[in-house]
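Colleague: Take a look at this one; I'll ask things after.
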2 protein chains.
Amino acid sequence: MSKKIFTQTAVSSESQARTGVLNTKHGDVQTPIFMPVGTQATVKTMTPEELSSINTQILLSNTYHLYMRPGHELIARAGGLHKFMNWQGPILTDSGGFQVFSLGNLRKITEEGVAFQSHIDGSSHFISPEKAMEIQNHLGSDIMMAFDECIPFPSEHDYVMHSVDRTTRWAKRCLEAHQRPDDQHLFGIIQGGIFHDMRKRSAEGLLDLDFPGYGIGGLSVGEPKENMYDVLDHLIPQMPEEKPRYLMGVGSPDCLIHGVLRGVDMFDCVLPTRIARNGTAMTSIGQVVIKNAKHTEAFEPLDPHCSCYTCKNYTRAYLRHLFKANEILGLRLLTLHNLHFLLDLMNNIRKAIHDDNLVEFSKAFYLDYYGKPLEWD
Amino acid sequence: MSKKIFTQTAVSSESQARTGVLNTKHGDVQTPIFMPVGTQATVKTMTPEELSSINTQILLSNTYHLYMRPGHELIARAGGLHKFMNWQGPILTDSGGFQVFSLGNLRKITEEGVAFQSHIDGSSHFISPEKAMEIQNHLGSDIMMAFDECIPFPSEHDYVMHSVDRTTRWAKRCLEAHQRPDDQHLFGIIQGGIFHDMRKRSAEGLLDLDFPGYGIGGLSVGEPKENMYDVLDHLIPQMPEEKPRYLMGVGSPDCLIHGVLRGVDMFDCVLPTRIARNGTAMTSIGQVVIKNAKHTEAFEPLDPHCSCYTCKNYTRAYLRHLFKANEILGLRLLTLHNLHFLLDLMNNIRKAIHDDNLVEFSKAFYLDYYGKPLEWD
């Protein structure tokens, strides 16, 4: 039986939401949680201390990118990813599957694995389930993800079935190849597109393999959000209560709320950091595009209700100036603010679950942020 | 008589070097000092707190850039430059002259001032001595610089004489136009190229006007360093002991040492921040180009003798990875390191003057950094 790594601590009486504690070698994580993304062993523009200052509990880093540059063996020689990037909290690494499958014509799938060409120099590479484990074992992440096929949307039912079965076979090979199960938790990834029978087939195959936690992959890849919520509605009740559930690559406020209401424990997404670098801030009343002319003389914070460093010390007018002048400090200040916003949202969500008023909280947040009601009965 | 703003606190027995205290409305500055440059109301990549953490005493910001974007009137409405950029320490602003004269064919000089076109949108502008004062009064800097003509190297003796006399006339107009002499110190700028008689002529004209401090302009504009040192050797003995001397636009370690030995109190330069963003670090044994292949697996700090955040927490291998991967954190970490390096050098220089062993200190530093002896008797 797999090691117990998750303890449910409170449940919502009006939804599938729950709080819990996820144990890792580098510390415990309070769930539900959003994980900032540090693709290339750095959360873009941020130091580890800044991430700690906004209560980042766990980071995600990308296996594919680190394998390509600087290389997993170099990172192992550096003492592992935590030491290399100066982050002593938990780290989750993805499997590389999502990036490899995103390469399109640059990759070829066989039962053995995936052959592909580097996005950096065009060199040829091959990632198999065993290779994905080798890379992640070298990185030393606290949570590793099994190597899966992330299918595009839309995909044919027949193709999805073949893919789901292969992902299950690959998952078994990952379990067998994993060299450090005492230090690193390995999660399986449930696929199946938007087909309920395929999600069920994937879940059954992977639950039999008894992973300590499960990712829900292949969502937020172009399908309507209603399809995502529908998949979660049907899939999550089939997933074990005593194991963490990780909805991969999802991080907009609406998806976080809808995901938590349906029982998701973990999320990650580049959204908050990426839109920050484009000059878009998340605030309690929705998105603010800082370059807009109306902020030229706005000598007020991005968000008067926000307690982050950016909002405590700078005006919209100054932030707009930094973006107009292409100054890096602008990217830093908006990144910090957006991550703080989502981490603070998750903190409030955990509190609301504990107080059993999550639906009320979510409805109020949603109305303020989107200016329309949350659809939830 | 101008207000006394500077007190000499120690003198070197073997050179013209001295320590002193420069009083400003936002605090005292221990000299000799290097001033990091925040061209567009931000020291590129840094927060004010980070600048404080490396003992930045005073910043420079550029009048020309702030006049063009976001505009001095906007900054005044924001509560002044200190509040706008969240820096509560002293700020020095240049006059805009250097940038305007760097525009080449885009500007036209008359006795009244300089007409030029914006580097941003090509729009037409006119800066006169009075306008330069108006802008800097709006910004609210602690130290303002008179509007001068910064002549190129080489320039004909005859042109230099006309230019020096005009700069003196402009300086007088600046004094008369200055609206906030109680809050903001106005420095005159001594020009004269590399001609001793012209430097003398400029100094005499400006000393008659009794500014509380003096800039030495028009150096480090392409002339050999020996010419710069030669000008300082002859000019500084003509300058008053009781007023601060500011060598403008100079900041390489050799020039800082040679300048201090000759009696300079203040320096500024974009060098440490600019080369940092190009991946070059200043270390106790000279410059390090972080992208070089030899640092690929260098699991050691940039500089083992350095106590900065970067050197305490990151390896050369990680810094190289950040630069190879175009990650902003790399720009931040090298900028912080280089500024720390120069500010630490100035701190050691002040201590050496106080202990009266500046020449010994300088010779040891120079040999370590440049691998060759300092030329000084």
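The values are calculated or read from the model by the stated rules, or taken from the named source; none is laboratory data. Bear in mind the structure is a predicted one, so any value in this text is a computation, not a measurement. Cβ placement follows ideal geometry from the backbone for every residue including glycine, while neighbour counts extend to all protein chains displayed. For the accessible areas, the whole protein counts, side chains as well, though only heavy atoms, and no ligand, DNA or RNA atoms are used. Shrake-Rupley method; radii C 1.70, N 1.55, O 1.52, S 1.80 Å.
Colleague: At a 4.7 angstrom Cβ threshold, list every cysteine in chain A that has nobody to pair with, or say none.
Modeller: Within chain A, the cysteines lacking a partner Cβ under 4.7 Å are A:Cys150, A:Cys174, A:Cys255, A:Cys269, A:Cys308.
Colleague: How about the range B:258-338: which chymotrypsin sites (Phe, Trp or Tyr not before Pro) there are in a DSSP loop, with at most 15 other Cβ atoms within 10 Å of their Cβ?
Modeller: Counting only loop positions with at most 15 other Cβ atoms within 10 Å, the chymotrypsin sites (Phe, Trp or Tyr not before Pro) in the range B:258-338 are B:Phe299.
Colleague: So how tilted is helix A:196-208 from the main axis of chain A? Cα-based, degrees 0 to 90, rounded to 10.
Modeller: 70
Colleague: Dividing the Cα radius of gyration by the Kirkwood radius, what Rg/Rh value follows for the range A:64-154?
Modeller: 0.98
Colleague: Right, something else. Report for the range A:211-336 the percent antiparallel among DSSP-assigned beta bridges with both residues inside it, nearest 5.
Modeller: The answer is about 45 percent antiparallel.
Colleague: Relative to the other copies, what are the label-point distances for A:Gln238, with labels 7 Å from Cα along the C-beta vector, expressed in nm at one decimal and sorted shortest first?
Modeller: Distances to the matching label points in the other copies: 9.0 nm.
Colleague: Run through the other copies and list how far each one's label point is from that of A:Ile285, in nm with one decimal, shortest first; the point sits 7 Å from Cα along Cα-Cβ.
Modeller: Output for A:Ile285: 5.9 nm, nearest copy listed first.
Colleague: Using Cα positions and a limit of under 17 Å, work out the aspartates and glutamates in reach of B:Lys83, with same-chain residues fewer than 8 apart set aside.
Modeller: The qualifying aspartates and glutamates are A:Glu297, A:Glu300, B:Glu49, B:Glu50, B:Glu73, B:Asp142, B:Asp183.
Colleague: Hey, for B:Ser123 with labels 7 Å out along Cα-Cβ, what do the inter-copy distances come to in nm, ordered shortest first?
Modeller: When each copy's label point is compared with this one, the spacings are 5.1 nm.
Colleague: Let me confirm one metric for peptide A:316-324, namely the mean number of other chain beta-carbon atoms within 10 Å of its residues' beta-carbons.
Modeller: 4
Colleague: In a GNM of chain A with a 10 Å cut-off on Cα contacts, which of A:Leu209, A:Leu103, A:Leu60 has the highest mean-square fluctuation?
Modeller: With Cα springs under 10 Å in chain A, the top fluctuation among A:Leu209, A:Leu103, A:Leu60 is at A:Leu103.
Colleague: Gaussian network model of chain A, Cα springs within a sub-10 Å range: biggest mean-square fluctuation belongs to which of A:Met346, A:Met144, A:Met46?
Modeller: Per the Cα network of chain A with a 10 Å cutoff, A:Met46 tops the list.
Colleague: Given the range B:1-119, what whole percent of its Cα pairs are spread farther than 24 Å?
Modeller: The answer is 42 percent, as a whole percent.
Colleague: Identify, for chain A, the residue whose C-beta comes nearest the rotation axis onto chain B, and round that distance to whole Å.
Modeller: Residue plus distance in Å, as requested: A:Ile328, 3.
Colleague: On to the next question. May I ask for the percentage of alpha-carbon pairs in the range A:136-291 that lie more than 27 Å from each other?
Modeller: It works out to 27 percent of all Cα pairs.
Colleague: Then there's this: Identify all aspartates and glutamates with a Cα-Cα distance to A:Lys363 below 20 Å; exclude those on the same chain that are fewer than 8 residues away in sequence.
Modeller: Excluding near neighbours in sequence, the set is A:Glu14, A:Glu226, A:Asp230, A:Asp233, A:Asp254, A:Asp265, A:Asp303, A:Asp344, A:Asp355, A:Glu375, A:Asp377.
Colleague: Here is a follow-up. What's the carbon and sulfur percent of chain A's accessible surface, probe 1.4 angstrom, rounded to a whole number?
Modeller: That fraction is 50 percent.
Colleague: Checking the table A:Lys243/B:Lys324; A:Lys4/A:Lys351; A:Lys44/B:Lys291 against a 27 Å threshold on Cα-Cα, which pairs fail?
Modeller: Over 27 Å Cα-Cα: A:Lys243/B:Lys324.
Colleague: Let me ask another. Could you name the lysines whose alpha carbon sits less than 24 Å from that of A:Lys108, not counting residues in the same chain fewer than 8 places away?
Modeller: A:Lys131, A:Lys172
Colleague: Farthest toward the dipole's positive end in the protein assembly as shown, which of B:Ser13, B:Gly140, A:Val288, given Cβ charges of +1 (Lys, Arg) and -1 (Asp, Glu) about the Cα centre?
Modeller: Most positive-ward Cα: A:Val288.
Colleague: Next question, about the same structure. For the range A:254-377, what Kirkwood radius comes out of the mean inverse Cα-Cα distance, in Å?
Modeller: Over the range A:254-377, the inverse of the mean reciprocal pair distance is 15.2 Å.
Colleague: Report the antiparallel proportion of the DSSP beta bridges in chain A as a percent, rounded to a multiple of 5.
Modeller: Rounded to the nearest five, the antiparallel share is 50 percent.
Colleague: About its Cα centre, what dipole magnitude does the protein assembly as shown give when the only charges are +1 on Lys and Arg Cβ and -1 on Asp and Glu Cβ, stated in debye to the nearest 20?
Modeller: I would put it at about 380 debye.
Colleague: On a 0 to 90 degree scale, rounded to 10, what angle separates helix B:157-177 from the longest Cα axis of chain B?
Modeller: Tilt relative to chain B: about 80 degrees.
Colleague: For the protein assembly as shown, report the convex hull volume of the alpha-carbon atoms normalised per residue, in Å³, without decimals.
Modeller: Taking the convex hull of the Cα positions in the protein assembly as shown, it is 167 Å³ per residue.
Colleague: Additional query: Using alpha carbons only, what's the Rg to Rh ratio of the range A:320-359 with Rh from Kirkwood?
Modeller: 1.31
Colleague: For the range B:173-232, which chymotrypsin sites (Phe, Trp or Tyr not before Pro) are both in a DSSP coil and crowded by at most 12 other Cβ atoms within 10 Å?
Modeller: Answer in residue order: no site qualifies.
Colleague: Treating only the Cα positions of the range A:296-355 as identical point scatterers, give the base-10 log of I(q)/I(0) from the Debye formula at each q in 0.20, 0.27, 0.29 Å⁻¹.
Modeller: For the range A:296-355 at q = 0.20, 0.27, 0.29 Å⁻¹, log10 I(q)/I(0) is -0.73, -1.07, -1.16.
Colleague: Something else about it: Given chain B, what whole percent of its Cα pairs are spread farther than 26 Å?
Modeller: Roughly 51 percent, once rounded to a whole number.
Colleague: I'd like to know how the range B:74-209 sits against the 2.2 N^0.38 Å rule of thumb: what's its Cα Rg over that expected value?
Modeller: It is 1.08.
Colleague: Follow-up. Using +1 on the beta carbon of Lys and Arg, -1 on that of Asp and Glu, and nothing else charged, what's the dipole of the range B:132-211 about the Cα centre, debye to 20?
Modeller: Charge dipole, the range B:132-211, about its Cα centre: 100 debye, nearest 20.
Colleague: Let me ask you something else. I want to make sure I understand the PRE zone here: with the label point 7 angstrom from the Cα of A:His119 toward its beta carbon, which residues in the range A:18-40 have backbone N atoms less than 19 Å away?
Modeller: Hits in the range A:18-40 for A:His119 at 19 Å: A:36-40.
Colleague: What whole-number value in Å² describes the accessible area per residue of the protein assembly as shown for a 1.4 Å probe?
Modeller: 38
Colleague: Among the trypsin sites (Lys or Arg not before Pro) in the range B:1-100, which ones are in a DSSP loop with at most 16 other Cβ atoms within 10 Å of the Cβ? Mind listing them?
Modeller: Filter output for the range B:1-100: B:Lys3, B:Lys4, B:Lys25.
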